[in-house]
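Written below as structure tokens is the structure these notes are about.
The values are calculated or read from the model by the stated rules, or taken from the named source; none is laboratory data. These figures come from a predicted structure and were not determined experimentally. Backbone-built Cβ (ideal geometry, glycine too); neighbour counts: all protein chains shown.
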Amino acid sequence: MEKIDIILVINSGSSSLKFTLYNIETETKLASGLVERIGADNANMVYRKGDGAKEEQLVAAPDHSAALRLVTEALVDPAKGVIKSLDEVDAIGHRVLHGGEIFKSSTLVDADVMAQLKKLVPLGPLHMPPNIGGIEACEKIFPGLPNVAVFDTAFHQTMPKSACHYAIPEEYYQKYGIRKYGFHGTSHHFVTLATAEYLGKKPEDLKIITCHLGNGSSIAAVKYGKVLDTTMGLTPLAGVVMGTRSGDLDPAVVFTLLREGMSVDEVDNLLNKKSGLLGVGGVNSNDMRDIISNAEKGVESAKLALDMWTHRLVFYVGAYYALLGGADAIVFTGGIGENSAAARATLIEQFAAIGCDIDPELNATLRGPCTISKPDSKVTALIIPTDEELMIAKETKAVMSK
Ligand code: AMP
């Protein structure tokens, strides 16, 4: 079998294309960066060789293919490049939002898979077209090179029907695929494996609650390596309070707003882009740092946003503790989970009620991967940094090695 050493990871969004080139044999990041504002006059490219300084420049990137071409030119550039020729790339791994029920694991892309991905567009109308566009651009620029799709939903495909079906008549699931899918699966998967490694155990021996807390946030209950439940739903709007998303609310809020005269798009925009910490905090920011600094200054709306964030998180962690029948570990990851000691500190008192005794001193001072609970805590609290790109590269290698 041919050796798979050099893997390019692509995360193609509506106006951006992020990339990371790995030597997966040594798990070394060779280069990374992104092209942003694709299609606009002021498209910008950020390029970083290894762990070196970031270089930025304005570029002409009218579409994703043009952006990818710029990336490939940088990768083979005699001065800043990291490979001599594009022939050195062995495979490309793509972040794909939605695998529906068709894709329960990462998959080598062929014409059939491409046709199935296109059928999944209604489940992710904003993300799927650019995800598919990224694969098409790679097929053009790297003809014949294998593309592997790694799905945000795949890790959650183990949820039982009792957890992932909504209590509405079955025909809506049959007709439209309406059910809970869950997202951030690549991160929850990475963190599950990394937690097991950190604890010196197998995932099959552990009950874990993984908290991916960033601008988008989700929690998963992972029993013996398989997801039992997760907070996001048909779309990433459900669950905990996020940077700009409301998370859970009574669905009748939507009908009420529609009856009050808002359009579907306006309600969609309100709940996805103008709610959460941004909508409640009153400090014109979705960044947890701004919410916390304003809450500390006594801004009531920022305090309320932080209290709501904590309330919903404790609510789900408590529920997952019960669903799992106890937990070995609660794991923090994502921008907030990894970096905000102050946000984690708001959870200490209530986590103690389920036997997770976080040490305030360790919480305030340590950086992941680390343990922040007291030695005699029944449930261990950990910070485990996530690395979705590395997970995509590993999955790509695993698919290619089959
Ligand atoms: P992510 O979506 O995982 O990249 O997380 C982004 C979010 O992490 C930002 O919006 C911030 O709210 C939060 N964040 C990042 N660094 C810090 C920090 N040092 N302290 C508090 N929050 C942080």
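Restricting attention to the stretch 14-34, and to residues there that are in contact with a Lys or Arg (Cβ under 9 Å, 6 or more places away or on another chain) and within 17 Å of I132 (Cα to Cα), which single residue is surrounded by the fewest Cβ atoms within 10 Å (Cβ to Cβ)?
Going residue by residue through the stretch 14-34, those that are in contact with a Lys or Arg (Cβ under 9 Å, 6 or more places away or on another chain) are 15-16, 18, 20-25, 27, 29-34.
Those left that are additionally within 17 Å of I132 (Cα to Cα): 15-16, 18.
On the way: S15: 15, S16: 18, K18: 19.
Looking at residues that are in contact with a Lys or Arg (Cβ under 9 Å, 6 or more places away or on another chain) and within 17 Å of I132 (Cα to Cα), I get S15.
Restricting attention to the stretch 290-307, the residues that are away from the ligand (no atom under 16 Å from the Cβ) and polar (S, T, N, Q) total 1. Of the helices (runs of 4 or more DSSP H) contained entirely in the stretch 257-332, those carrying at least 3 residues that are aromatic (F, W, Y) and in contact (Cβ under 8 Å) with a residue 12 or more places away in the chain fall at 300-324.
Only one residue in A194, A238 is under 19 Å from G276 (Cβ atoms) and not hydroxyl-bearing (S, T, Y), so which one is that? Walk me through it before giving the result.
Values: A194 fails: under 19 Å from G276 (Cβ atoms).
Only one candidate qualifies: A238.
The single residue among G93, G100 that is in contact with a Ser or Thr (Cβ under 6 Å, 6 or more places away or on another chain) and either crowded, with 16+ Cβ neighbours inside 10 Å or assigned to a loop (DSSP other than H, G, I, E, B) (or both) turns out to be G93. Quick check on the stretch 352-402: of everything there that is within 16 Å of the ligand (Cβ to nearest atom) and more than 21 Å from T28 (Cβ to Cβ), which residue is nearest to the chain's Cα centre (by Cα)? Among those that are within 16 Å of the ligand (Cβ to nearest atom) and more than 21 Å from T28 (Cβ to Cβ), it is I383. Inside the stretch 308-337, residues that are more than 23 Å from P369 (Cα to Cα) and within 16 Å of the ligand (Cβ to nearest atom) make up a count of 3. Taking the stretch 338-387 as the region of interest, the helices (runs of 4 or more DSSP H) fully inside it that hold 2 or more residues being aliphatic (A, V, I, L, M) and within 25 Å of N215 (Cα to Cα) are 341-345, 360-365.
Out of (1) among the aliphatic types (A, V, I, L, M); (2) surrounded by 20 or more Cβ atoms within 10 Å (Cβ to Cβ); (3) over 22 Å from L199 (Cβ atoms), the odd one out for L347 is which? L347 satisfies all of (1) among the aliphatic types (A, V, I, L, M); (2) surrounded by 20 or more Cβ atoms within 10 Å (Cβ to Cβ); (3) over 22 Å from L199 (Cβ atoms) except (3). Within the set D287, D265, D250, the sole residue that is of a type in the set (D, E), within 12 Å of the ligand (Cβ to nearest atom) and modelled with pLDDT of 95 or more turns out to be D287.
Quick one: would you say A111 is away from the ligand (no atom under 16 Å from the Cβ), more than 27 Å from A322 (Cβ to Cβ) and exposed (fewer than 13 other Cβ atoms within 10 Å of the Cβ)? Working first, answer last.
Values: away from the ligand (no atom under 16 Å from the Cβ): yes; more than 27 Å from A322 (Cβ to Cβ): yes; exposed (fewer than 13 other Cβ atoms within 10 Å of the Cβ): yes.
Criteria met by A111.
Out of curiosity, is S32 modelled with pLDDT of 95 or more, under 24 Å from M232 (Cβ atoms) and polar (S, T, N, Q)?
Values: modelled with pLDDT of 95 or more: yes; under 24 Å from M232 (Cβ atoms): no; polar (S, T, N, Q): yes.
Here the answer is no, as S32 does not meet what is asked.
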